[in-house]
Amino acid sequence: MNADERRKLIIDILSKSEEAVSGSELAKQLNVSRQVIVQDIAILRASDYKIFSTHKGYILNKANEVKRIFKVRHSDEQIADELYTIVDAGGRILDVFVNHNMYGEIRANLYIATRKDVDDFVNQLTSGKISPLKILTDDYHYHTVAADSEDVLNIIAEELKKKKYLNV
């Protein structure tokens, strides 16, 4: 298989997957090294494929999804509830970011799409291995949320507003 065929297969695998696919898993499926996959992903991105890197692997942005940025604020104890609210309504949390007075925008890719993803993320937070970005900005932060329709994003906004997480 040549490089172009392999890259087409990478796009095919990512487009059919509902979850992130790790570089190691792609390498195994395509019988190449993980470094070859990293290079292929870079070339595909340069060719205008919207491929996100997350801590769980790669995700291809689906063309029919809509996105909205939500500005939110809540306590550390409410992190899981905020994220459950979004995924239970049909949203996928693509990232989290803050606007820091000195450093500007600081962003981290998340891709949280299920309650299990939320649980995994919260477990990392509670283990002390990572800290939420919101600690840098008095708990204010933003999420880019993707969904299958504007109606779903409107439902998410209403639910976040009911719980007083949404800052408009």
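For the condition touching a strand residue (DSSP E or B) at 6+ places or on another chain (Cβ under 8 Å), polar (S, T, N, Q) and closer than 26 Å to Asp119 by Cβ, what is the one hit in Ser22, Ser15? Break it down into steps so the answer makes sense when it comes.
Numbers: Ser15 fails: closer than 26 Å to Asp119 by Cβ.
None of the others qualify; the one that does is Ser22.
In the set Asn99, Asn154, Asn109, which member is of a type in the set (S, T, N, Q), at pLDDT 85 or above, within 30 Å of Ile11 (Cβ to Cβ) and not assigned by TED's automatic domain parsing to the domain that holds Ala20?
Values: Asn99 fails: within 30 Å of Ile11 (Cβ to Cβ); Asn154 fails: within 30 Å of Ile11 (Cβ to Cβ).
Step by step, each of Asn99, Asn154, Asn109 is checked, and only Asn109 is of a type in the set (S, T, N, Q), at pLDDT 85 or above, within 30 Å of Ile11 (Cβ to Cβ) and not assigned by TED's automatic domain parsing to the domain that holds Ala20.
Here Gly90 meets each of (1) more than 15 Å from the chain's Cα centre (by Cα); (2) assigned to a loop (DSSP other than H, G, I, E, B) with one exception, condition (1).
Which of the following residues is of a type in the set (Gly, Ala, Ser) and either touching a residue at least 60 places away in the same chain (Cβ under 8 Å) or not assigned by TED's automatic domain parsing to the domain that holds Leu136 (or both): Gly104, Gly91?
On the way: Gly104 fails: either touching a residue at least 60 places away in the same chain (Cβ under 8 Å) or not assigned by TED's automatic domain parsing to the domain that holds Leu136 (or both).
Step by step, each of Gly104, Gly91 is checked, and only Gly91 is of a type in the set (Gly, Ala, Ser) and either touching a residue at least 60 places away in the same chain (Cβ under 8 Å) or not assigned by TED's automatic domain parsing to the domain that holds Leu136 (or both).
When Val118 is tested against (1) in contact with a Leu (Cβ under 7 Å, 6 or more places away or on another chain); (2) under 19 Å from Asn167 (Cα atoms); (3) assigned to a helix (DSSP H, G or I), only condition (2) is not met.
For residues in the range 131-148 being part of a loop (DSSP other than H, G, I, E, B) and under 17 Å from the mean Cα position of the chain (by Cα), which is farthest from Leu60 (Cα to Cα)?
Quick first cut of the range 131-148, residues part of a loop (DSSP other than H, G, I, E, B) only: 131-132, 137-139, 148.
Among the residues that remain, those that are also under 17 Å from the mean Cα position of the chain (by Cα) are: 131-132, 148.
On the way: Ser131: 27, Pro132: 25, Asp148: 14 Å.
Checking each candidate, the answer is Ser131.
Of everything in the range 1-52, what is charged (D, E, K, R) and either at positive phi or surrounded by 16 or more Cβ atoms within 10 Å (Cβ to Cβ) (or both)? Give them in sequence order. Those that are charged (D, E, K, R) and either at positive phi or surrounded by 16 or more Cβ atoms within 10 Å (Cβ to Cβ) (or both): Arg6, Arg7, Glu25, Asp40, Asp48. Can you tell me which residue within the range 1-34, out of those that are among the polar types (S, T, N, Q) and in a helix (DSSP H, G or I), is modelled with the lowest pLDDT? Selected residue: Ser15.
Run down Asp81, Asp119 and say which single residue is surrounded by fewer than 18 Cβ atoms within 10 Å (Cβ to Cβ) and free of Cβ contacts under 8 Å to residues at least 60 places away in the same chain.
Asp119
Anything in the range 53-75 that is in contact with a Phe, Trp or Tyr (Cβ under 6 Å, 6 or more places away or on another chain) and either surrounded by 14 or more Cβ atoms within 10 Å (Cβ to Cβ) or in a loop (DSSP other than H, G, I, E, B) (or both)? List them, or say none.
Here is the first cut: in the range 53-75, the residues in contact with a Phe, Trp or Tyr (Cβ under 6 Å, 6 or more places away or on another chain) are 54, 59, 69, 71-74.
Correct list: Thr54, Ile59, Lys71, Val72, Arg73, His74.
Within the range 122-130, not a single residue is free of Cβ contacts under 8 Å to residues at least 60 places away in the same chain, out of contact with any Cys (no Cβ under 9 Å at 6 or more places or on another chain) and either part of a strand (DSSP E or B) or within 26 Å of Ser149 (Cα to Cα) (or both). For the condition of a type in the set (Asp, Glu), surrounded by 15 or more Cβ atoms within 10 Å (Cβ to Cβ) and in the same structural domain as His74 (by TED's automatic domain parsing), Asp138 does not qualify.
The values are calculated or read from the model by the stated rules, or taken from the named source; none is laboratory data. No experiment lies behind these values; they were computed from the predicted model shown. Reconstructed Cβ throughout: ideal geometry from the backbone, glycine too, with neighbour counts over all protein chains shown.
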